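Okay, so here's the structure we're looking at.
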Amino acid sequence: MKRTTSAILFAALSGTLAGPPASAQTTDFPDYDPYAADDVSAVSWRGDIGLVLLAGDTPDGGLDLLADIELGVDFETFTETGRRWGVVLTGHAERDLYGDQSGGRVGTCPPRIGDCATIGLAGTTAAPIAPDSGLYSAGAGSEDRSRAMISDGYVYTDTGWGELRLGYGAGAARLDPVGGPSAARLVRPDGGHLQAAGPAMARTETPHSGHDPKLVFRSIALGQASSVGTVRAALSFTPEVSQCGIDYCPRLTGPAGQSGAINRDVTEISITYSVRRGEHEWSMSTSASQAGRVEGAVGFVPVSGQDVGLSWRWNDWRAGGRWRRSNNGVDSDGDLEAWSASVGLEQGAWLTAMEFAAFSDDFIHADGRTWQAATSRLVGDSGLVAFGIQSAVTHEPVIEPAGRVQQATRTLTGFVELGWRF
């Protein structure tokens, strides 16, 4: 099993990256000639199962067991004329460290007190939820740590120039993001499926289109990797983003009546470029996202943002980083910014990585940074064992008699991750 540049092949998201190939130029075709019969079809099953054992500064102050399971089925058909179309269905379930899918409660800073985050007309007392980060600074958070949903459910067809998708799934910004290596599949400082430290964590992939029904076009890779390089583009349109996914949960009302927003008419575009020069491999990705309308209290605006990623590989060494910025869906000076970087060494079946990620939410007045040192080993063709430590510090807004202050919350956890893919 070969690891990818952004993490490891074992870590690929089933619905987003392990879906059907993007074009007829792929080599992952069945061993038959599609022109030899009227129609040729195939059904395949896939799954990713992971368990994480945490110890250290957990909410309960002891050991905690987390889980993440993805199961999917793909149906693919080649027509008499050689056209490819199919259906992808993926279910995702997990038990995480905290109840909120993204963001969550940080600090104690009620609206209309000092410069605490405030939204709506005068007299509104509901604490706002930052539409992008998902953070809020007043009111109780969600206590339901377990969740399950259909993360992908779409039909697709090969147009010759790329793949056209219609249905539930990731938007253009999350199809081909480039970044640094990560030793573990589920526990990462930047956008890990499972959280090992505080509720506020950095996410450098733009999530604005969620997993709601959308139209997506993802082109084939044009060019030659060893000369001019290859370019791939993607475009998506999502009429409404209102359904909670595993890692992103837009909502009008929070668990304790907090005020949120729903974005509509979200357009995303992304471009990925890769080139190989001798023993050096470089990749870069960039994306932009813009909503057309927003539903919510006065002060929320259509969310918009952009991100950039870079990766490099030379022999057994690999490194990379990502950066993202958005308006956080608010009209005040409340931008959200996140960035990450990592370096790793791959030796046979082992990958060891040092990883860093940070974020800053100017609307909620929260920021944080996370360090992780981890190593992993591939076991056969399907297994993974990873272990490491993660250290995080989050600065949260707290109201005191003298005004708002930033209170630091520090956590240190050790983890063991077991994974199996089929």
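What the table shows:
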item	result
Segment 371-415, subset in contact with a Phe, Trp or Tyr (Cβ under 7 Å, 6 or more places away or on another chain) and over 25 Å from TRP339 (Cα atoms), residue surrounded by the most Cβ atoms within 10 Å (Cβ to Cβ)	LEU384
Selection from segment 67-109 of residues that are closer than 30 Å to VAL398 by Cα, assigned to a loop (DSSP other than H, G, I, E, B) and among the small types (Gly, Ala, Ser)	GLY99, SER102, GLY103, GLY107
Selected residue (only one of ALA202, ALA183 is of a type in the set (A, V, I, L, M) and closer than 21 Å to TRP350 by Cα)	ALA183
Residues of segment 87-100 satisfying the condition of being touching a residue at least 60 places away in the same chain (Cβ under 8 Å) and either on the phi > 0 side of the Ramachandran plot or touching a strand residue (DSSP E or B) at 6+ places or on another chain (Cβ under 7 Å) (or both)	VAL87, VAL88, LEU89, THR90, GLY91, HIS92, GLU94, ASP96, LEU97, TYR98
All positions within segment 365-385 that are among the hydrophobic types (A, V, I, L, M, F, W, C) and over 21 Å from the mean Cα position of the chain (by Cα)	LEU378, VAL379, VAL385
Members of segment 330-345 found to be surrounded by fewer than 24 Cβ atoms within 10 Å (Cβ to Cβ) and touching a strand residue (DSSP E or B) at 6+ places or on another chain (Cβ under 7 Å), listed by number	ASP335, GLU337, TRP339, ALA341, VAL343, LEU345
Residues satisfying the stated conditions in segment 42-61, i.e. more than 21 Å from ALA374 (Cβ to Cβ) and either in a strand (DSSP E or B) or small (Gly, Ala, Ser) (or both)	ALA42, VAL43, SER44, TRP45, ARG46, GLY47, GLY61
Pick from segment 143-188, criterion out of contact with any His (no Cβ under 9 Å at 6 or more places or on another chain) and of a type in the set (A, V, I, L, M), ranking: nearest to THR272 (Cα to Cα)	VAL178
ALA170, sole failed condition from (1) farther than 26 Å from ILE364 by Cβ; (2) among the small types (Gly, Ala, Ser); (3) under 13 Å from the mean Cα position of the chain (by Cα)	(1)
Filter pass, LEU252 being among the aliphatic types (A, V, I, L, M) and modelled with pLDDT under 95	yes
Residue within segment 216-232 that is of a type outside the set (Ser, Thr, Tyr) and within 25 Å of ALA93 (Cβ to Cβ) present	yes
Cβ-Cβ under 7 Å pairs, at least 6 apart or on other chains, segment 318-345 side closer than 14 Å to ALA202 by Cβ, far side part of a strand (DSSP E or B) and of a type in the set (S, T, N, Q)	GLY321/SER340; ARG322/SER340; ARG325/GLN306; SER326/SER304; LEU336/SER326; GLU337/SER360
Pairs, first on the phi > 0 side of the Ramachandran plot and exposed (fewer than 13 other Cβ atoms within 10 Å of the Cβ) in segment 106-123, second part of a strand (DSSP E or B) and basic (Lys, Arg), C-beta under 9 Å, six or more apart	none
Every residue from segment 243-275 that is among the small types (Gly, Ala, Ser) and within 17 Å of the chain's Cα centre (by Cα)	GLY245, SER270
Residue, surrounded by the most Cβ atoms within 10 Å (Cβ to Cβ), within segment 32-82, restricted to residues that are modelled with pLDDT under 85, more than 30 Å from VAL187 (Cα to Cα) and out of contact with any Asp or Glu (no Cβ under 7 Å at 6 or more places or on another chain)	PRO34
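Every residue, every condition in (1) buried (at least 23 other Cβ atoms within 10 Å of the Cβ); (2) within 20 Å of PHE359 (Cα to Cα); (3) in contact with a strand residue (DSSP E or B) (Cβ under 7 Å, 6 or more places away or on another chain), yes or no:
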{"site": "SER236", "(1), (2), (3)": "yes, no, yes"}
{"site": "CYS249", "(1), (2), (3)": "no, yes, no"}
{"site": "ILE262", "(1), (2), (3)": "no, no, yes"}
{"site": "SER285", "(1), (2), (3)": "yes, yes, yes"}
{"site": "VAL294", "(1), (2), (3)": "no, no, yes"}
{"site": "VAL303", "(1), (2), (3)": "yes, yes, yes"}
{"site": "ARG318", "(1), (2), (3)": "yes, no, yes"}
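The values are calculated or read from the model by the stated rules, or taken from the named source; none is laboratory data. Note that the structure is a prediction, hence the values are computed from the model and not measured. So basically every Cβ, Gly included, is an ideal-geometry build from the backbone, and we count neighbours across all protein chains shown.
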